[in-house]
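S.K.: Okay, handing you the structure first.
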Amino acid sequence: MRIRKAVIPAAGLGTRMLPITKSMPKEMLSIVDRPVIHYVVEEAIKAEIDDILIITGKGKRAIEDYFDRSFELEYYLREKGKIEELRQIKEIGEMVDIYYVRQKKPLGLGDAILHAEKHVNGEPFAVLLGDDIIISDKPAIGQLIEVAERRNSPVLGVEHVPHELVNKYGIIGGEKIENDLYRIKTLIEKPAPEEAPSNIAIIGRYVLTPDVFDALRETPPGKGGEIQLIDALRTLLNKKEIFARIIAGERYDVGSRVGFIRANIELSLTRKELRSEVIELMERILREVLDG
Ligand code: G1P
């Protein structure tokens, strides 16, 4: 199995980040100077994905404009001699082949993924959720692709989370078969801590096989009245093996306020042109805060 297509569901309403998401897609929130979805697309490209389908919805046009060429802006920058800026914005338009399909009603992640069926056309595919930015040497989705290709099976990206937070994630139960690799036995969406089979949480990276679409079609609405991907994967477990791999890397949950602020601070420190100024700024702020 060879994975070259990725699906990025971006139709969610972003209620965790209201009010900004009232008029702006959460995928376009800025981390330093680029939107969240830019980091996610870059991760897919690093994993040699060459075809990306973004599932959009109402109010998400800014995403399409971001990845489109902007001839007016290019003309303006060329006239002003702003060559570096020109190079950067042209690069965005040329990153990869990006396609779009709209989810007309917000019926959940499972339903969003069903919208990808025609496009993936019977091939296994990667899924990357925009709530998580993962910074790692080897791209997070590439880590899953490696296992999926070797085992010819779906693979979910996971990490250990504090037990009291299991109700924010899809949680797996399984047996450890290799370092960082589990064979999944059970899956549950956002369980109460006392119901959770473990504290191993799914973090927005998946490699799926096309049989997930039939399973999704048979899945009734679950948690929150939405069609849950996890519920469909649980059905699929009756027919095939599904694996979970602990992802190596630093994850930022940019769909939450503190995660978003942390991502902005830490990722600005990885930019060499910003690093020393940001450190100075943080030192000054901290001193002022601590001195009261
Ligand atoms: C979704 C999935 C959940 C997963 C999470 C990871 O939930 O339904 O299983 O753990 O993404 O970010 P959401 O955060 O969209 O409610």
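The values are calculated or read from the model by the stated rules, or taken from the named source; none is laboratory data. Since the structure is predicted, the reported quantities are computational estimates derived from the model, not experimental observations. Positions of Cβ are generated from backbone atoms using ideal geometry, with glycine treated the same way; all protein chains shown enter the neighbour counts.
S.K.: Quick check on my filter: what residues within region 189-212 are within 9 Å of the ligand (Cβ to nearest atom) and either of a type in the set (A, V, I, L, M) or surrounded by fewer than 18 Cβ atoms within 10 Å (Cβ to Cβ) (or both)?
M.R.: ALA201, ILE202, ILE203
S.K.: For region 142-155, does any single residue satisfy the condition of being more than 16 Å from the ligand (Cβ to nearest atom) and part of a loop (DSSP other than H, G, I, E, B)?
M.R.: yes
S.K.: Here's another thing I want to ask about it. So which residues in region 160-175 are more than 10 Å from the ligand (Cβ to nearest atom), in a strand (DSSP E or B) and touching a residue at least 24 places away in the same chain (Cβ under 8 Å)?
M.R.: Keep residues of region 160-175 that are more than 10 Å from the ligand (Cβ to nearest atom), which gives 160, 162-165, 167, 173-175.
Add one more test, that the residue is in a strand (DSSP E or B), and what stays is 160, 173-175.
Those that are more than 10 Å from the ligand (Cβ to nearest atom), in a strand (DSSP E or B) and touching a residue at least 24 places away in the same chain (Cβ under 8 Å): HIS160, GLY173, GLY174.
One line per residue, one yes/no per condition, for (1) touching a helix residue (DSSP H, G or I) at 6+ places or on another chain (Cβ under 8 Å); (2) free of Cβ contacts under 8 Å to residues at least 24 places away in the same chain; (3) surrounded by fewer than 20 Cβ atoms within 10 Å (Cβ to Cβ):
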site: GLN228; (1), (2), (3): yes, no, no
site: GLU250; (1), (2), (3): yes, no, yes
site: GLY255; (1), (2), (3): yes, no, no
site: ALA263; (1), (2), (3): no, no, no
site: GLU273; (1), (2), (3): no, yes, yes
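Residue-by-condition table, conditions (1) within 29 Å of VAL155 (Cβ to Cβ); (2) surrounded by fewer than 19 Cβ atoms within 10 Å (Cβ to Cβ); (3) in contact with a helix residue (DSSP H, G or I) (Cβ under 9 Å, 6 or more places away or on another chain):
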{"residue": "LEU13", "(1), (2), (3)": "yes, yes, yes"}
{"residue": "THR21", "(1), (2), (3)": "no, no, yes"}
{"residue": "LYS26", "(1), (2), (3)": "yes, no, yes"}
{"residue": "ILE37", "(1), (2), (3)": "yes, no, yes"}
{"residue": "VAL40", "(1), (2), (3)": "yes, no, yes"}
{"residue": "GLU48", "(1), (2), (3)": "yes, yes, yes"}
{"residue": "ALA62", "(1), (2), (3)": "no, yes, yes"}
{"residue": "PHE71", "(1), (2), (3)": "no, yes, no"}
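S.K.: Looking only at region 98-118, which residues are in contact (Cβ under 8 Å) with a residue 40 or more places away in the chain and assigned to a helix (DSSP H, G or I)?
M.R.: Within region 98-118, LEU109, GLY110, ASP111, ALA112, ILE113, LEU114, GLU117 meet the criteria.
S.K.: Quick one: ILE227 ticks every box in (1) assigned to a loop (DSSP other than H, G, I, E, B); (2) within 15 Å of the ligand (Cβ to nearest atom); (3) closer than 25 Å to GLU43 by Cβ except a single one, so which number is it?
M.R.: Failing condition for ILE227: (3).
S.K.: Taking the criterion of being in a loop (DSSP other than H, G, I, E, B), within 21 Å of the chain's Cα centre (by Cα), within 14 Å of the ligand (Cβ to nearest atom) and crowded, with 17+ Cβ neighbours inside 10 Å, would at least one residue in region 213-223 satisfy it? Write out each step before concluding.
M.R.: Step one: filter region 213-223 for residues in a loop (DSSP other than H, G, I, E, B), giving 218-222.
With the extra rule that they be within 21 Å of the chain's Cα centre (by Cα), the set shrinks to none.
Scanning region 213-223, I find no residue that is in a loop (DSSP other than H, G, I, E, B), within 21 Å of the chain's Cα centre (by Cα), within 14 Å of the ligand (Cβ to nearest atom) and crowded, with 17+ Cβ neighbours inside 10 Å, so the answer is no.
S.K.: GLY259 fails exactly one of the following numbered conditions: (1) at pLDDT below 95; (2) surrounded by 12 or more Cβ atoms within 10 Å (Cβ to Cβ); (3) part of a loop (DSSP other than H, G, I, E, B). What is the number of that condition?
M.R.: Against the list (1) at pLDDT below 95; (2) surrounded by 12 or more Cβ atoms within 10 Å (Cβ to Cβ); (3) part of a loop (DSSP other than H, G, I, E, B), GLY259 comes up short only on (3).
S.K.: Does region 136-144 include one or more residues that are more than 17 Å from the chain's Cα centre (by Cα), within 28 Å of ARG69 (Cβ to Cβ) and crowded, with 18+ Cβ neighbours inside 10 Å?
M.R.: Checked against the condition, which is being more than 17 Å from the chain's Cα centre (by Cα), within 28 Å of ARG69 (Cβ to Cβ) and crowded, with 18+ Cβ neighbours inside 10 Å, region 136-144 yields no hits at all.
S.K.: List pairs: first residue in region 185-205 and more than 22 Å from ALA248 (Cβ to Cβ) and β-branched (Val, Ile, Thr), second residue assigned to a loop (DSSP other than H, G, I, E, B) and more than 10 Å from the ligand (Cβ to nearest atom) anywhere in the structure, Cβ distance under 6 angstrom, at least six positions apart or on different chains.
M.R.: Final answer for the pair search is THR186/PRO197.
S.K.: Follow-up. Could you list, in sequence order, the residues of region 41-97 that are in contact (Cβ under 8 Å) with a residue 40 or more places away in the chain and of a type in the set (Ser, Thr, Tyr)?
M.R.: THR56
S.K.: The conditions are (1) away from the ligand (no atom under 13 Å from the Cβ); (2) buried (at least 20 other Cβ atoms within 10 Å of the Cβ); (3) assigned to a helix (DSSP H, G or I), and ALA232 fails exactly one of them. Which is it?
M.R.: (1)
S.K.: Within region 59-89, take every residue that is in a loop (DSSP other than H, G, I, E, B) and under 21 Å from GLY12 (Cα atoms) and give me the one that is modelled with the highest pLDDT.
M.R.: LYS60
S.K.: Now, a different point. Condition (residue is over 29 Å from TYR206 (Cα atoms) and over 17 Å from the mean Cα position of the chain (by Cα)) applied to region 97-117: is it met by at least one residue?
M.R.: Within region 97-117, not a single residue is over 29 Å from TYR206 (Cα atoms) and over 17 Å from the mean Cα position of the chain (by Cα).
S.K.: Just checking, does region 86-106 include any residue being within 16 Å of the ligand (Cβ to nearest atom) and within 12 Å of VAL7 (Cα to Cα)?
M.R.: No: region 86-106 contains no residue that is within 16 Å of the ligand (Cβ to nearest atom) and within 12 Å of VAL7 (Cα to Cα).
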